[in-house]
Amino acid sequence: MKKIIRIVLSVLISVILNSVNAHNSDSVRNIILMIGDGMGVAQVYGGYTANKGFLNLEKSTYIGFSKTHSANKYITDSGAGGTAISTGQKTNNFHIAVDTNKQPLKTILESAVENGIATGLVVTASVTHATPASFIAHNISRYDSLDIAYDYLKNNVDIFIGGGKAHFEDRKDSVNLTDSLRQKGYEISYSIGDLDPASDKKLGCFVADYQPPSVIKGRGDYLPLATKKALEKLNRSKNGFFLMVEGSQIDWAGHDNDLEFLLTEVIDFDKAVGEAYAFADENPGTLVIVTADHETGGFSIIDGDLVTGNVEGVFGTDDHTGVMVPVFSYGSGAEEFAGIYENTEIYHKMRHLLGLK
Ligand code: MG
Ligand code: ZN
């Protein structure tokens, strides 16, 4: 009799545990998607070594790999790479959220807005640069910054922070898009210190005319701070939020084959990851995904020292490469991101977890 009770109890407990687990995956209300542009496994380990054996990323609970080829090229660019993640469809290189027939594709950010979910973008590039543009704009060319800036008026993103002020205020067509944004109800600021996350207005913050400086050239703690402020603003949403944070310049360091530039950008991006993981700890129902659109530089580490932080790295190219890139995840629903899959799956998994219609 005791044995039967024990069996019944263990069956009941496993049923309850399974339903709790299922509930965990189903109850994602906030997604923080972090893209280290050009960040492959060697870039991550280089940052770990330069930081003398510590990265916040190590807290990640599930790891996957994403296959990054675009619709027309084995080696993707950041337009097609961003579009795959933001829309779930592979497109041609240089396209921004349009398909191979140049037709617009609805992005996860646009779907979130339609579903009453708050949204945000935080980058270390111009806000019109390929990666953020893939979430908010539609264009056959990533280089059409003036038109991409216009698309910020067509969306209702709750907070955006990055460079690119000139694309809004110093335009060939003499239109001042910042004035238009203000008319639409945005509060615009020009330094991260002046951005007030307690404001009830939609917020835009331009921290540079074009590209913000690198960490080496004095960007300071802008990215972790901007991430923290965006989370404070978005956390007041009743229906949860979708935030994309990009460590944009990891890619540029790879193109430049500049080791110090690369390692300092990875460590800076990891500080923003630390902010996101801490937020997830404090706010159940938050999922953090940290990935890349592709690897840049064919970077590898041939020697290093975890005590001194010295890294000996070599680059195989000044362009992107075709290797799979890591997908780190943490928080509610993180288990969905284990495995090897196409970059487009990241969109489908996020969409499913947020329950977007
Ligand atoms: Mg980018
Ligand atoms: Zn690049």
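The values are calculated or read from the model by the stated rules, or taken from the named source; none is laboratory data. For clarity, every value in this text was computed on a predicted model and none was experimentally measured. We place every Cβ from the backbone using ideal geometry, glycine too, and count neighbours over all the protein chains shown.
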If you go through segment 140-154, how many residues are under 16 Å from THR87 (Cβ atoms) and within 16 Å of ligand 1 (Cβ to nearest atom)?
2
Pairs, please: C-beta under 7 Å, at least 6 apart or cross-chain, first residue modelled with pLDDT of 95 or more and in segment 63-91, second away from ligand 2 (no atom under 16 Å from the Cβ) and among the acidic types (Asp, Glu)?
LYS67/GLU342; GLN89/ASP99; THR91/ASP99
Give segment 62-117 a look and list any residue that's among the acidic types (Asp, Glu) and closer than 24 Å to ASN239 by Cα, or say none.
GLU110, GLU114
What's the number of the condition GLY38 fails, among (1) over 17 Å from the mean Cα position of the chain (by Cα); (2) of a type outside the set (Val, Ile, Thr); (3) surrounded by 23 or more Cβ atoms within 10 Å (Cβ to Cβ); (4) within 16 Å of ligand 2 (Cβ to nearest atom)?
(1)
Any residue in segment 150-169 that is touching a residue at least 60 places away in the same chain (Cβ under 8 Å) sitting within a Cβ distance under 8 Å of a residue that is of a type in the set (Ser, Thr, Tyr) and surrounded by fewer than 19 Cβ atoms within 10 Å (Cβ to Cβ)? List the pairs, counting only those 6 or more apart or interchain.
ASP158/SER237
Could you run through segment 234-259 and say how many residues are more than 16 Å from ligand 2 (Cβ to nearest atom) and of a type in the set (S, T, N, Q)?
3
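Where residues in segment 91-113 are touching a Gly at 6+ places or on another chain (Cβ under 6 Å) and of a type outside the set (Val, Ile, Thr), which of them is farthest from ligand 2 (Cβ to nearest atom)? Break it down into steps so the answer makes sense when it comes.
Filtering segment 91-113 for residues touching a Gly at 6+ places or on another chain (Cβ under 6 Å) gives 94-96.
So of that shortlist, the ones also of a type outside the set (Val, Ile, Thr) come out as 94-95.
Working: PHE94: 12, HIS95: 15 Å.
Result: HIS95.
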Yes or no: segment 81-90 includes at least one residue that is out of contact with any Gly (no Cβ under 7 Å at 6 or more places or on another chain), within 16 Å of ligand 2 (Cβ to nearest atom) and of a type in the set (Lys, Arg).
no
Tally up the residues in segment 287-302 that are touching a Leu at 6+ places or on another chain (Cβ under 9 Å) and more than 11 Å from ligand 2 (Cβ to nearest atom), please.
6
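For residues that are assigned to a helix (DSSP H, G or I) and closer than 14 Å to THR264 by Cβ, tally how many sit in segment 31-43. First the steps, then the outcome.
As a first pass, look at segment 31-43 and keep what is assigned to a helix (DSSP H, G or I): 41-43.
Within this subset, residues satisfying the condition of being closer than 14 Å to THR264 by Cβ are 43.
Result for segment 31-43: 1.
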Residue selected from segment 137-179 under the condition acidic (Asp, Glu) and within 22 Å of ALA112 (Cα to Cα), by the criterion nearest to the chain's Cα centre (by Cα):
ASP158
Counted residues, segment 305-357 - those being surrounded by fewer than 17 Cβ atoms within 10 Å (Cβ to Cβ) and in a strand (DSSP E or B)
7
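Considering only residues that are more than 30 Å from GLY355 (Cβ to Cβ) and in a loop (DSSP other than H, G, I, E, B), which ones fall in segment 283-304? Spell out the reasoning first.
Restricting attention to segment 283-304, the residues satisfying the condition of being more than 30 Å from GLY355 (Cβ to Cβ) are 295-304.
If the condition is that a residue be more than 30 Å from GLY355 (Cβ to Cβ) and in a loop (DSSP other than H, G, I, E, B), then GLY297, GLY298, PHE299 are the ones that fit.
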Would a scan of segment 301-318 turn up a residue that is touching a residue at least 40 places away in the same chain (Cβ under 8 Å) and either over 21 Å from THR49 (Cβ atoms) or within 16 Å of ligand 1 (Cβ to nearest atom) (or both)?
yes
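Tell me, which helices (runs of 4 or more DSSP H) lie completely within segment 75-139 with 3 or more residues that are away from ligand 1 (no atom under 12 Å from the Cβ) and surrounded by fewer than 22 Cβ atoms within 10 Å (Cβ to Cβ)?
On the way: elements: 78-87, 108-114, 130-136.
The helices (runs of 4 or more DSSP H) meeting that bar are 108-114.
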Could you check, for segment 48-61, whether at least one of its residues is surrounded by fewer than 20 Cβ atoms within 10 Å (Cβ to Cβ) and either at pLDDT below 95 or in contact with a Pro (Cβ under 8 Å, 6 or more places away or on another chain) (or both)?
no
